[in-house]
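Student: Below is one structure. I have some questions about it.
The values are calculated or read from the model by the stated rules, or taken from the named source; none is laboratory data. Worth saying up front: this structure is predicted, and the values here are computed from it rather than measured. Accessible surface is based on the protein model in full, side chains and every heavy atom, while ligands, DNA and RNA are left aside. Shrake-Rupley method; radii C 1.70, N 1.55, O 1.52, S 1.80 Å.
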Amino acid sequence: MWRNTRSGWGLISIGLHWLSAIAIIGLFVLGWWMTGLDYYSNWYHTAPWWHRGIGMLVLLATLMRLVWRLLQPHPEAHGSRLEQRAASLGHVAIYLLLLAVLISGYLISTAEGKGIAVLDWFTVPALLHGLPEQASRAGVVHWYSAIALMVLSAGHALAALKHHFIDRQDTLVRILSPRPSRRDR
């Protein structure tokens, strides 16, 4: 139930998937909203504090997901050979974009040499700082990779819905429940 099988995802993979999805969408909405705040807004300092802290937790969760994914079997993909290849490339692209967003966010936040306070639980040190135009260059990468991540994630969700409703496959059910679906039995 906790571990993946060739027919379904385990609770750890399912939990990390959905917690990451909710956090990433929330961070995107929060980040978009933050760009419109003015200096006199009550949220001017608070929103970025939440954004950075949750972003670092998502980075940690993403690294855990990648390690878990390497150690666990994957359920067999559904669809044609082309769909399976597209799904595989899509997953790689999602992980690469997610890492680009998270690492560039880290580089923006640490550009002046200060660590990132993660919800006052601990501080992530500024390991790389002081590069020429670090914050602005990382900001461009952060913005465009976040938009690309949202577009690709929407495509990912639409593909899962297509497999569920049109193809009548259990792709969506497998990421919602660790039990084998009725279609597997």
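Student: Can you give the Rg to Rh ratio of the chain, both from alpha-carbon atoms, with Rh computed by the Kirkwood formula? Let's see the in-between values first.
Tutor: Numbers: Rg = 18.5 Å, Rh = 18.0 Å.
Rg/Rh for the chain comes to 1.03.
Student: If each DSSP helix of 4+ residues adds -39,500 (n - 2.57) and the sum is divided by the residues in the chain, what number results at 222 nm, nearest 500 deg cm²/dmol?
Tutor: -21500 deg cm²/dmol, from helical runs alone.
Student: Please report, ordered by residue number, every helix of the chain (full DSSP H runs) that is 18 Å or longer along its axis going by C-alpha atoms and whose mean Kyte-Doolittle hydropathy reaches 1.0. Don't skip to the answer; put the middle values down first.
Tutor: Values: long enough: 11-34 (33 Å, 1.89); 46-71 (38 Å, 0.91); 81-109 (42 Å, 1.19); 134-161 (40 Å, 1.03).
Helices meeting the criterion: 11-34, 81-109, 134-161.
Student: In square angstrom, what is the accessible area per residue of the chain with a 1.4 angstrom probe? Before the final figure, lay out the partial values.
Tutor: On the way: 11810 Å² over 185 residues.
Spelled out: the 1.4 Å probe surface of the chain, per residue, equals 64 Å².
Student: With all protein chains present, how much of the accessible area of the range 11-180 (probe radius 1.4 Å) comes from carbon and sulfur, to the nearest whole percent?
Tutor: 70 percent
Student: Taking all pairs of different Cα atoms in the range 91-185, averaging 1/r and flipping that mean, what Kirkwood radius in angstroms comes out?
Tutor: For the range 91-185, the Kirkwood estimate is 16.0 Å.
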